[in-house]
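Everything below concerns the one structure shown next.
The values are calculated or read from the model by the stated rules, or taken from the named source; none is laboratory data. Computed from a predicted structure; not experimentally measured. A quick note on method: Cβ atoms are made from the backbone with ideal geometry, for glycine too, and the neighbour counts reach across all protein chains shown.
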Amino acid sequence: MKSFLLFLCLLPLASSLAEQRQAQADVVGQPAIRFEAKTIDGKSVHFPDDYKGKVVMLDFWATWCKPCLNELPGLTRVYDEFASKGFTVLGISLDNEEGAAGLPQFLKSKNINWPQICDGGSWQGGIVKQYGVHSIPSCWLIDGDTGRVVASTASLRGEALRGTVQHALANLGKESPMVAEHAAEPAPTAPPNTPPSPLVSRVQKLASEGRLISAEVFLSQLSHPVATRVELASPASTPLRGREIAKRAAAAHVRVGWVYQCTKCNRWHTNLAGGYAIAPDVVVTARHVVAPPAAMKPAAAFPVVVRGENEVMNIDAVIVASETADTAILRVSANDLTPLTLSHDVQVGDTAYCFSDPRDVLGHFSSGLVNRLHSPASQSSPLLQRMDVSADWAPGSSGSAILDEYANVIGHVARIRPLFGTSRTAEPAAKSTAPTLMTLNEAVPANVVLTLLKQGPAR
């Protein structure tokens, strides 16, 4: 069991996606880590002892995780097909305390019938930390008779899931046979007459000249940031008109993310969200924005910061990378960015503005109010502080600046969280849907960024 735990703890430190996949494959055949917990409906779980005679998938996920939700229809089909034959799922939700309150209704609306554990701790949850989970979806398949891991994430997603489960059930209780991790199938060649976008062409050219940081080096720096001093200007105190705030937000705005070749289709893709300058050579974004895409080829993938439409800046260093705070601070190869000032002075009812690129709609500016300041009741870490804002944003807005009436940054976009109501239909759960009562736009306050700059590197 010690060797299994070691491999899992090393997983987030792997310097490339290839190494991460290999690290997961290496745990196959090892005993699963044991734990005791209660499901959200109060039932005790002794894992894996309670699963004698079954094959159980331990599934780490969250209601706010889009890749996790994309896997649900396929997982539900496989569960319905093989549940009577000995297959089951134990979900470990990374939703926080607030998300946990709406979890039962969410499960009902999605026809998820397997048990769930959610302690409200998100990334700091007990089982999450015990298994060393640093990205989701993450999952392991365990033979309940032997207590050993028979497959990991690579074999439990998409079309691979059904065959993996079927193979494991056929070999239930056997010590030697284990499910081989599925190798990636050759990706089809992109159509010959599809030219790359100007941004992709620019990235390819810079990469060929050795002027961009590699995925391997960048991922290593994400795991081991190097703190350096960042000179910040004092917050402004003169109120500005909305048009002036928009101009300042636009001048400081950048796009951050990845340009990469896909393992599935062999084409080059861009996966960019928002960020903002806080110094002439330093930008801030959300930590999840710089997470590597699942389908990227590590040798043909480059993290970038983009100013305007196609000006690509290299990432020279990772100063801070905190998953807890959902914040990354990067030093880039520029010395002429237009920085914004950070302010910790924010209260409910303050005006809030957001400049972002939702769904690749570049330069969208909106306004609203600060609706709520909050943090998990059970944890006092300042890095877990969050605020809800009624300005508009959508996927692609993550990491973009939230500004006050003085054009100070008071936070950055983190996520969108729907609040579900109760179903209004008496139809079976498979056909019922829970209405969305409202949507909360959650941001990371600037005070969190200021705290990280004082503390130095964070994980």
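Consider region 315-336 and keep the residues that are touching a Phe, Trp or Tyr at 6+ places or on another chain (Cβ under 9 Å) and surrounded by fewer than 24 Cβ atoms within 10 Å (Cβ to Cβ). The one that is farthest from L212 (Cα to Cα) is T324.
In region 318-396, counting only strands (runs of 3 or more DSSP E) that sit wholly within it, the ones holding 3 or more residues that are within 19 Å of the chain's Cα centre (by Cα), closer than 23 Å to A291 by Cβ and hydrophobic (A, V, I, L, M, F, W, C) span 327-332. Here the condition is being assigned by TED's automatic domain parsing to the domain that holds G396 and within 30 Å of F365 (Cβ to Cβ); of P298, P293, it holds for P293 alone.
Being of a type outside the set (A, V, I, L, M), in contact (Cβ under 8 Å) with a residue 12 or more places away in the chain and part of a strand (DSSP E or B): is that true of H288 here? It is false that H288 is of a type outside the set (A, V, I, L, M), in contact (Cβ under 8 Å) with a residue 12 or more places away in the chain and part of a strand (DSSP E or B). Could we say that R307 is among the basic types (K, R) and within 22 Å of P358 (Cα to Cα) here? Judged against the criteria, R307 is a match. If we scan region 252-269, do we find a residue that is at pLDDT 95 or above and part of a helix (DSSP H, G or I)? Yes, region 252-269 has at least one match.
Across region 102-124, the qualifying residues are those that are in a helix (DSSP H, G or I) and out of contact with any Gly (no Cβ under 9 Å at 6 or more places or on another chain), and the one among them that is surrounded by the fewest Cβ atoms within 10 Å (Cβ to Cβ) is P104. Candidates in region 423-453 are the residues that are over 19 Å from the mean Cα position of the chain (by Cα) and at pLDDT 90 or above; of these, the one that is nearest to T228 (Cα to Cα) is L453.
Which of the residues belonging to region 297-306 are more than 17 Å from S223 (Cβ to Cβ) and in contact with a Leu (Cβ under 8 Å, 6 or more places away or on another chain)? Across region 297-306, the qualifying residues are F302, V304, V305, V306.
Among the residues making up region 355-394, a single one is without any contact (Cβ under 8 Å) to a residue 60 or more places away in the chain, of a type in the set (S, T, N, Q) and closer than 22 Å to G308 by Cα: S366. Filter region 233-250 for residues that are of a type in the set (A, V, I, L, M, F, W, C) and surrounded by 16 or more Cβ atoms within 10 Å (Cβ to Cβ); which is nearest to A407 (Cα to Cα)? Only one residue fits best here, namely I245.
Only one of the numbered conditions (1) more than 14 Å from the chain's Cα centre (by Cα); (2) within 25 Å of V289 (Cβ to Cβ); (3) part of a helix (DSSP H, G or I) is violated by D59, and that is (3).
The set of residues in region 33-56 being over 26 Å from the mean Cα position of the chain (by Cα), part of a strand (DSSP E or B) and small (G, A, S) consists of S44 alone. Looking only at residues of region 125-145 that are of a type in the set (S, T, Y) and buried (at least 19 other Cβ atoms within 10 Å of the Cβ), we find that the one that is modelled with the lowest pLDDT is Y131.
S220 falls short on exactly one of the conditions (1) small (G, A, S); (2) farther than 25 Å from T324 by Cβ; (3) part of a helix (DSSP H, G or I), and that condition is (2).
If you check Y79 against the conditions, is it touching a Gly at 6+ places or on another chain (Cβ under 7 Å) and among the aromatic types (F, W, Y)? Considered against the rule, which asks whether it is touching a Gly at 6+ places or on another chain (Cβ under 7 Å) and among the aromatic types (F, W, Y), Y79 comes out as no.
In region 38-85, what residues are surrounded by fewer than 18 Cβ atoms within 10 Å (Cβ to Cβ) and of a type in the set (G, A, S)? Correct list: G42, S44, G53, G74, A83, S84.
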